[in-house]
Structures are given as C-alpha cells and as structure tokens.
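Handing you a structure now.
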Amino acid sequence: MHGVWNKPLPWRILLAMLVVALLALRLSGPSNLEADAQGRNVGYIMDVVWQGHWLVQQDVLGRIMSKPPLHTWMGAAFAEIGGIDRLTLALPSALSVLALAVLVFEIGRRRYGTLAGGLAGLAVVLAPMMSKHVTLVRTDALFSLAVAAAAFAAHRAWTRGEGWTQFWVWAAVATLTKGPLGLVLGAAGLLAWFWERRGNPALPPPRGGQGAGIALFLLLTLGWLLPAILAAGQPLTDKLFFEELIGQATGVGKGGFPARNLPKPALFFILRFLPFSLFAAYGLWRVVRHPATNAWDRRFERFLFCWIAGGILIFSLGSHFRGDLLLPLWPAGALLAGREMARLAERASRPLTVAALAGLIALDLAGAWWLYHGKPARESEEVRYTLAAEDAARALAASGLDVRRIHHLDTPVTLQLGLGTFRTWTSEDDALRLARGAEPFLLATEAPENFPRLFGAGGPALQEVFRWPAKEDGKAAVRVFANTAAQSGRSTPR
C-alpha cells in the first residue's frame, strides 16, 4: 500500500488524537480515584505538594511509600503548575501512554515499514487496558515506557557492540519508578543471544563498555535511595525491600508462595490485549517456526520473543500477580502484532483495511464510553464511594468549619483532596487523648461504629457538628465530631 500509509506524520497525529480522546473521555466521566489503590499515589503527591516531602512520602493512612518516587515527582511537578486535580494526576500516565505508542511506532516503521509501525502503535493505544491506564494514578504506564526504552537501547547496543550507557540510564529511570524489576525486564530480550548462539557457536557475547553506564545507574538510583534511607530509616527499607521486593516475589509475610499464579500471566497476556494479542501470538509462533533468514531481522524478532517469554516467566514464578503487570511486555507484543497485521493488510484491499481500522477505533472508543460513562460506571462501588467523598468535601468546605483543624480517623483520600488538606489518619488512642483535652478538637470519620471507645458508652463527650448527607436516617458518608472545648469556642453549623 502507498500514499498515507507510508507517511509517518499522519500516524503520529492519529496516535496523539486517540490518546487525547481517551483522556478526555475518561476525565469527562465520573471519578474513580478510590479504585485500583490509586489513593496511595494520590496521597504521595499531596504529601509532596502540600507538605514539601519530596524525598520520602506517605499516604493519608500514614503508610510510608511502597515504590520509588519518580512517578510521584512527575505528578507533583504538574500539580505545582496546575494544582492537584484529575487532569494533573492523570498526566504522567497519559503522556507515558502517548510516548510509548510513538516509540513503538518509530521502532516498528524502521524495522518493518511505516504501515506495520502504525498498526503496532495502534495496538498500544487501542489495547483494552489502555483506556484504564491513560488516567490511572499509578506507576504502570511510566514504568512500561522506561522498560521499553531500556529494552530497545539494549538491543541497539547488542547489535552495535557499543552504547550501553543509554540502556543503563533508562534502567535507572525504570528502577526509580517501580524498583529493580525494570532492569530485569529491560534486559530480558538479551536472552536471545543464547538462542542465536545455538546456530552460531562462534557468536561473541554482547560487547561494549559497561562501566560508565553502571556508574550512572548507581548514581541515579542510590542518589535517591541512600538519602531516603538516612531520612526515613528502617520503615523505608522494610517497605521497599522486605514487604515489596521480597514479599511480592516469594509471598513471605503475604500468605503466598512462589509460582502460585503459574498459568495466569500467559492467559492474561492474551485476554488483556485482545484482539491484537491474537496477532502477537501468531507472531511468536512464526518466530519459532519460520524465523527470518536475515540475521539482523532474526536477532530482533528473537529479542522481542525473549522479552515477552522472559517477562511471562518472571511473573509466573512470582507470588504476586495482577494483569496490569504485563504492560511492560506489550511493546514487544505490539510490534509483532503490527508486523502480522501489516502483512494481512497488504493482501487486503485498501477500503477493507480502512474500514477494519475505523471499526476497531470506533469499537474501542465506544467500549471505553460504555465502561466509564455507562452502566458499569454507575454501578461501580468505587465510583459511588469516590463521588460521595467529593460531595462530602464540597459540603464540608462550605460548612463554616475550619477544615485545616480537622483530624481524620478513617476518611478517604478523596475527601482531603477536595478539602485541600493533608493529615494522616489519627489513631483511636490519639483521638481519645485529644478529645479529652482542653484544646478544641474536630474529628472526621465515616464509620464511628468501628470505634466504640470514642463513640460508645463511656467515651469522651463528642457532639456531631457535621453530617453528609445531612439526613439523620441512613448511613452518612462523612461525619465530623467536636469535643467540649470546640463546642464552647463557637457554634458550628451542620
């Protein structure tokens, strides 16, 4: 095919327009910030912007950071410019998805032609997972971009016999986003050397100096980690290394065991990236059964195969698994899928190919609209919980109470996000001490029945001064109580 298919600019524009469309579609729908454990990352960003804790963060529950801070720093940088809202919180992920799609397109068009690269880029943007990740306040999209950049840099350095510094820099970016797994996934494709060596025993190992790259990797990663450990001490090392790194891999302390999810990663790789994963699976089969005759092409396709297979093996042997973890493997899958789809498109007529692409785009956008605006969104418990917290924040801000003095017992992060405050949860013991003190004390909770020592018989004299919704019957989303000192200081409206 000729014409627009072989012009890079229209493909880049299309990819950008699709990402913007998904972003706008998501942001115009109801918020779900309380879903998918986004509250932690939202809390980290609030801690940076409103408390100035750039080195080590905690969430509103008082839990120390569970991942390195690069995603938090990016979100905080946008928030410093535009304030903390759904757009600035989503920008790190949205821009990462766009950059990942463009990166895959550029690699694909240089390797397999502009049409294959464009279809590979579409496979990134239109994969079912992407409508979720384009606004998800988590590290996955940024981590996947860093892993992909590291992997492509590793392949280039392997084929050229030099230039490993770029690989180590991107590996450091991945490590500062989610941990050392980024280094492993970025280098997984290099297992193809052993495959290549079977056909050519004289094949030399990857060449090129590593010293400067390793030094930069250590400088970037330890440049944050060592000061952070000095500042936060054992709680940070326990969280990052024992609970997250070792705990997620082995299940120690989490009630799991290695390889407990053995069949899931391969199955989820197919299901989460349909229909493009079917072309990727066929591409993987062709790499094994009908490898490219050209050594340069064969080395690249085997690199992609080992990137995917090595990653699936790692996730299969680990104790912890969720489908989103496969996202760093999809750039390789998208490239194989783009190559196979381009071969099919070359044999089909242009009108049929255009109609198929238009149908895929329309189906993806319609599916995202239905999922995030339609019945599933309206029936989602997480969405209803988030919206209730947002409504409560607006009502509480207008109540006349000094929201900056409110202590929070168990309220969601979305409430404080709406109030513009950041206070970690108060323990029941501390709340009891403050409630019985001589200083005015305001306490917000969503479930007073869970704290009988505070609100049961024999507890301190606490009076409800705010409730949302205001109806006396039924469960309130948020309730605020004041002690005697606060009640005598002023009359606070409900």
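Normalised by the residues of the stretch 1-75, what does the relative contact order come to in percent, with Cα pairs under 8 Å and at least six apart? Don't jump to the answer; show the numbers that get you there.
Details: 37 pairs, mean separation 15.0, N = 75.
Over the stretch 1-75, the number comes to 20 percent.
Then there is this: Run the quick spin-label model on E80 and A202: label points 7 Å from Cα toward the beta carbon, then report their separation in nm to one decimal.
Reported label-point gap for E80 and A202 is 5.7 nm.
For a Förster distance of 35 Å, can you work out the FRET efficiency between the beta-carbons of R405 and K375, rounded to the nearest 0.05? Intermediate results must be reported in sequence, preceding the final value.
On the way: r = 41 Å, r/R0 = 1.17.
For R405 and K375, the calculated efficiency is 0.30.
Report the relative contact order of the chain, percent, no decimals, based on alpha-carbon pairs under 8 angstrom and at least 6 residues apart. Don't skip to the answer; put the middle values down first.
Values: 778 pairs, mean separation 83.1, N = 494.
About 17 percent, as a whole number.
Where in the chain are the helices, taken as whole DSSP H runs, whose Cα atoms extend 27 angstrom or more along the long axis and whose Kyte-Doolittle mean reaches at least 0.5? It would help to have the intermediate numbers written out before the result.
Details: long enough: 8-27 (29 Å, 1.87); 86-112 (38 Å, 0.99); 140-160 (30 Å, 0.74); 211-232 (30 Å, 2.13); 295-317 (32 Å, 0.80); 350-373 (34 Å, 1.04).
Long hydrophobic helices here: 8-27, 86-112, 140-160, 211-232, 295-317, 350-373.
Just by accessible area at a 1.4 angstrom probe, what is the order of M17, M130 from largest to smallest? Write down the numbers at each step before the final one.
Numbers: M17 120, M130 5 Å².
I get M17, M130, largest accessible area first.
Considering the dipole of the chain built from charges on the beta carbon (Lys and Arg +1, Asp and Glu -1) around the Cα centre, which of A295, P448, A157 is farthest to its positive end?
Towards the positive end, the residue furthest out is A295.
Something else now. Taking 0.36 nm per residue of separation and subtracting the Cα-Cα distance, what length does fully extending L87 through Q51 add?
Numbers: separation 36, 0.36 × 36 = 12.96 nm, distance 2.07 nm.
Full-extension gain reported as 10.9 nm.
Keeping every protein chain present and rolling a 1.4 Å probe, give me the accessible area per residue for the stretch 3-51 in Å². Mind showing how you got there, number by number?
Working: 1910 Å² over 49 residues.
With all protein chains present, the stretch 3-51 gives 39 Å² per residue.
Ignoring any ligand, DNA or RNA, what whole percent of the accessible area of the chain comes from carbon and sulfur when the probe is 1.4 angstrom? Intermediate values should be presented prior to the final figure.
Numbers: 13590 of 21650 Å².
Here it works out to 63 percent.
For the residue pair I246 and L363, what label-to-label distance in nm results when each label sits 7 Å from Cα along the Cα-to-beta-carbon direction?
Between I246 and L363, the label points sit 4.8 nm apart.
Further, regarding this structure: For the peptides 167-178, 261-272, 345-356, 95-106, what is the packing order when you average, over each peptide's residues, the other Cβ atoms within 10 Å and list the highest mean first? Walk me through the numbers before you get to the answer.
Details: 167-178: 25.7, 261-272: 16.3, 345-356: 12.9, 95-106: 23.7.
Per-residue Cβ counts within 10 Å, averaged per peptide and sorted highest first, yield 167-178, 95-106, 261-272, 345-356.
Mind putting a number on the dipole of the stretch 31-174 about its Cα centre? Charges go on the C-beta only, +1 for Lys and Arg and -1 for Asp and Glu, and I need it in Debye to the nearest 20. List each step's numbers first, then the result.
Numbers: 11 positive and 9 negative charges, 106 e Å.
My answer is approximately 500 debye.
Considering only protein heavy atoms, what per residue accessible area in square angstrom results for the stretch 372-490 with a 1.4 angstrom probe?
On the way: 5820 Å² over 119 residues.
Computed with neighbouring chains in place, this is 49 Å² per residue.
Here is a further query. Rounded to the nearest 0.05, what FRET efficiency do E346 and A16 give with R0 = 25 Å and r taken as the Cβ-Cβ distance? Could you check?
Working: r = 25 Å, r/R0 = 1.02.
The value I calculate is 0.45.
Evaluate E = 1/(1 + (r/R0)^6) for S28 and R322, where r is the Cβ-Cβ distance and R0 equals 22 Å; express this FRET efficiency to the nearest 0.05. Walk me through the numbers before you get to the answer.
Numbers: r = 27 Å, r/R0 = 1.22.
The computed FRET efficiency comes out at 0.25.
The values are calculated or read from the model by the stated rules, or taken from the named source; none is laboratory data. Keep in mind it's a predicted model, so treat the numbers as computed, not measured. FYI the Cβ positions are ideal-geometry reconstructions off the backbone, even for glycines, and counts take in every protein chain you see. What goes into the accessible areas is simple: the full protein's heavy atoms, side chains included, and nothing from ligands, DNA or RNA. Shrake-Rupley method; radii C 1.70, N 1.55, O 1.52, S 1.80 Å.
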